[in-house]
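Can you keep this structure in mind? I'll have questions shortly.
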Amino acid sequence: MIKILKNILFSFLILFGIAYISLIVYAYLPYEEIPIKELASANDKFISIEEREIRYRISGEDGNPNIILIHGFGNSINTWRKVIPKLEQHYRVIVLDLIGFGLSEKPEYYDYSNKNQARTISLFAEALNLGEFIIGGHSLGGAIAVHVALNNEQTTGMVLFNPGIITTGVPEFTRYLNLIFPFARVSAKQFSDRDFRVQFLKNSFIDPSIVTDEVIDNIMLGVKTEGYMKGTTSMMNKFYVANEKELLPEINVPTLIVFGQEDRTKSLEEALTLNQNIRGSKLTLIEKVGHYVQEEAPFLVSESVIKEIQYLSGGG
């Protein structure tokens, strides 16, 4: 009996070893990357912040209130494409790709924590000489926006679009798994797979027809860029403690929460908790849309933000 158990254990270890080696081989298969500037369009601008290149775009008239919009995890400035045409009639809209995403630089050695990303955004705003601004963020971008609002005195207001504050939408076990070699690189490789990204996005939309080839083409630009694999692997294999929920009572800028009620990763209870914990905040609930509220209901989202322009600009 003991001999049989030893043979079973030995066989299991052999199979585990083969599977683990196969995983390493998959993770380190050759991966072609393209210089960022070769993928940029005529509308893209770039600025160096602490020697890191950031892609951004600005639209709207000077003199209108500035609003900086931050995308979510794995996304880019393209997520704001449907709300910009309406918002730019009332705001000066600044959209950017976070460090590590889109066509911004993807350094291997960078602090990818929400707090440090917020610090970089503050430096970005200062470099553009924006003066006062409203900060807005979707999903991960919402969590980063909280740090901007708390630490930058030029912030007059904040807009949170289904933010990743109460929950991130990322299974907790994956954060631990990515600390084990080579799972962080496997995760980076997985996010570079077009079919995976299509399914991942479609699961986040109530109306999956919005996820067109053009939408995916724009998202896949980021994973083609020079430095993607090393930078994303570095981002994935760090365990950053998120503390935005406990920071909510400290927020003292006018805050608008725009929340798609059919979000499959975030409950309506989260929206209510945000509203209850951010002093004086306003909550706009939008029916029949999911996590990507700004893409599924761009008209209603734009109207909500425009309606509160005086409030978000600090005018009451």
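What number goes with the only condition from (1) more than 22 Å from the chain's Cα centre (by Cα); (2) under 30 Å from His291 (Cβ atoms); (3) assigned to a helix (DSSP H, G or I); (4) among the hydroxyl-bearing types (Ser, Thr, Tyr) that Tyr31 does not pass?
(3)
Starting from the range 199-228, keep only residues that are touching a residue at least 40 places away in the same chain (Cβ under 8 Å), then list their pairs with residues that are of a type in the set (A, V, I, L, M, F, W, C) and surrounded by fewer than 18 Cβ atoms within 10 Å (Cβ to Cβ) whose Cβ atoms are within a distance under 7 Å, requiring at least 6 positions of separation or different chains.
Leu221/Leu39; Lys224/Ile34; Lys224/Leu39; Thr225/Ile34; Thr225/Leu39; Glu226/Ile34
Oh, and also: Residues being free of Cβ contacts under 8 Å to residues at least 60 places away in the same chain, surrounded by fewer than 18 Cβ atoms within 10 Å (Cβ to Cβ) and on the phi > 0 side of the Ramachandran plot: count how many of those fall in the range 44-77.
Here the count works out to 2.
Give me a count of the residues in the range 246-301 that are basic (Lys, Arg), more than 18 Å from the chain's Cα centre (by Cα) and within 29 Å of Asn151 (Cβ to Cβ).
Going residue by residue through the range 246-301, those that are basic (Lys, Arg) are 264, 266, 279, 282, 288.
Checking which are more than 18 Å from the chain's Cα centre (by Cα) leaves us with 279, 282, 288.
Remaining after also requiring within 29 Å of Asn151 (Cβ to Cβ): 279, 282.
Residues flagged as basic (Lys, Arg), more than 18 Å from the chain's Cα centre (by Cα) and within 29 Å of Asn151 (Cβ to Cβ) within the range 246-301 amount to 2.
If I filter the range 21-43 down to residues being in contact (Cβ under 8 Å) with a residue 24 or more places away in the chain and among the β-branched types (Val, Ile, Thr), which single residue comes out as farthest from Lys224 (Cα to Cα)?
Ile24
Output yes when any residue across the range 201-219 is farther than 18 Å from Tyr292 by Cα and part of a helix (DSSP H, G or I), and no when none is.
no
Which ones in the range 199-241 are surrounded by 17 or more Cβ atoms within 10 Å (Cβ to Cβ) and within 30 Å of Asn277 (Cα to Cα)?
The answer is Leu201, Ser204, Phe205, Ile206, Met235, Met236.
Same structure, new question: Would you point out the residue of the range 119-152, among those that are surrounded by fewer than 24 Cβ atoms within 10 Å (Cβ to Cβ) and aliphatic (A, V, I, L, M), that is farthest from Ile54 (Cα to Cα)?
Leu150
Can you find, within the range 184-198, the residue that is nearest to Gly169 (Cα to Cα) among those that are crowded, with 18+ Cβ neighbours inside 10 Å and either without any contact (Cβ under 8 Å) to a residue 12 or more places away in the chain or basic (Lys, Arg) (or both)?
Once the filter is applied, the top-ranked residue is Arg197.
Name the helices (runs of 4 or more DSSP H) wholly within the range 222-316 that hold at least 2 residues that are of a type outside the set (Gly, Ala, Ser) and more than 29 Å from Leu39 (Cα to Cα)?
Hits in the range 222-316: 244-247, 268-277, 298-307, 309-312.
Working only within the range 150-166, note down all residues that are in contact (Cβ under 8 Å) with a residue 24 or more places away in the chain, part of a loop (DSSP other than H, G, I, E, B) and not aliphatic (A, V, I, L, M). Step through it out loud before you land on a result.
As a first pass, look at the range 150-166 and keep what is in contact (Cβ under 8 Å) with a residue 24 or more places away in the chain: 150-152, 154-166.
Keeping just the survivors that are part of a loop (DSSP other than H, G, I, E, B) gives 152, 154, 162-166.
Within the range 150-166, Asn152, Gln154, Asn162, Pro163, Gly164 qualify.
Each reported figure results from applying straightforward, stated rules to the coordinates on display, with no laboratory input. From a predicted model like this one, the values you see are computed outputs, not experimental measurements. For neighbour counting, all protein chains shown are included, and Cβ atoms are generated from backbone atoms with ideal geometry for every residue, glycine included.
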